[in-house]
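To keep things clear, I will list the structure first and then write my remarks on it.
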C-alpha cells in the first residue's frame, strides 16, 4: 500500500482490530490512506467502520464479513489478526475453552477468508494470516494455541497454492508483543520482567509491507519477532 489521501486507498478488513496487533494494523492502514474495517467484539477507535462479532461463531463471522464488504463496496485485503489463548495443561483446560481457542484462532480465520474470497478475487486483493512462533515451535501448556497456530501455518500454505495467480497470500509469524494478550492469564503464564517483546506497530509495519506488493509479487512468509525471542527458532 502506497501513501494515499485519507480514505481513498485500499479497503482492508482486520479481524480483532480493536486491540493489540489488529488495532496497530488499523492505525497503519489509515495512516497509509487506506480504509480499515473491523470485526471484533469491542468497538474500534476513531469511528472505524465495524461489525460486532464473536468469531467463535464462524457462521456469524462469515455473515459479518459479507456485511462489511457489501457496505464498503468490496474488499482489497483481509488481515486475520484476531487471536485468543488460555494456557494450561490439557487435562486442566475445560473442553469448551480449549475448543474456543482453536475455533477463534483457526476456524474463524478460514471462515472470514472464505466469505471474503469473492471480493478479493474481484479486486485481485491480498490476504495476511497471523500465526505465531508457537505455530512452528511447540511448548508445554499450549496445546490449543499450538494446534490452532500450527493449523494456520498449514492452512495458509495450502491457500497460497490454491489462490496463486488470483489473490496474494502471506503468512506472518509474529513473536510475543507488548499487548493486552497476556493480561488475563495466570501469573505463571505471563511474560516475566526480563521478557523481550516486540512493539505491535513494528509487526503491523510488516503487514503493510506484505500488502504493498503489486499483483503477481508474493511475500509468502515472514517471521517478525524481537531479536532475543525465546520461542523462535
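FYI, it's all coordinate maths here, none of it is from the lab. Please read these numbers as outputs of a predicted model, since none were measured by experiment. Every residue, glycine among them, receives a Cβ derived from its backbone with ideal geometry; neighbour counts consider all protein chains shown.
Quick notes on this one:
- Among the residues listed as 12, 25, the single one being within 15 Å of residue 127 (Cα to Cα) and part of a strand (DSSP E or B): 12
- Residue in the stretch 197-205 that is loosely packed, with under 14 Cβ neighbours inside 10 Å, touching a residue at least 12 places away in the same chain (Cβ under 8 Å) and under 19 Å from residue 87 (Cα atoms) present: no
- Across the stretch 73-96, the qualifying residues are those that are touching a residue at least 40 places away in the same chain (Cβ under 8 Å) and more than 20 Å from the chain's Cα centre (by Cα), and the one among them that is nearest to residue 206 (Cα to Cα) is 73.
- Qualifying residues in the stretch 108-134 (those that are surrounded by fewer than 18 Cβ atoms within 10 Å (Cβ to Cβ) and closer than 19 Å to residue 63 by Cα) - the one nearest to the chain's Cα centre (by Cα): 114
- Any hit, the stretch 31-42, residues being without any contact (Cβ under 8 Å) to a residue 60 or more places away in the chain, in a helix (DSSP H, G or I) and either buried (at least 17 other Cβ atoms within 10 Å of the Cβ) or more than 14 Å from the chain's Cα centre (by Cα) (or both): yes
- For the stretch 43-62, the candidate set comprises residues that are in contact (Cβ under 8 Å) with a residue 24 or more places away in the chain and surrounded by fewer than 15 Cβ atoms within 10 Å (Cβ to Cβ); within that set, the residue that is farthest from residue 22 (Cα to Cα) is 59.
- For the criterion of being under 15 Å from the mean Cα position of the chain (by Cα), in a helix (DSSP H, G or I) and more than 22 Å from residue 14 (Cβ to Cβ), residue 155 fails.
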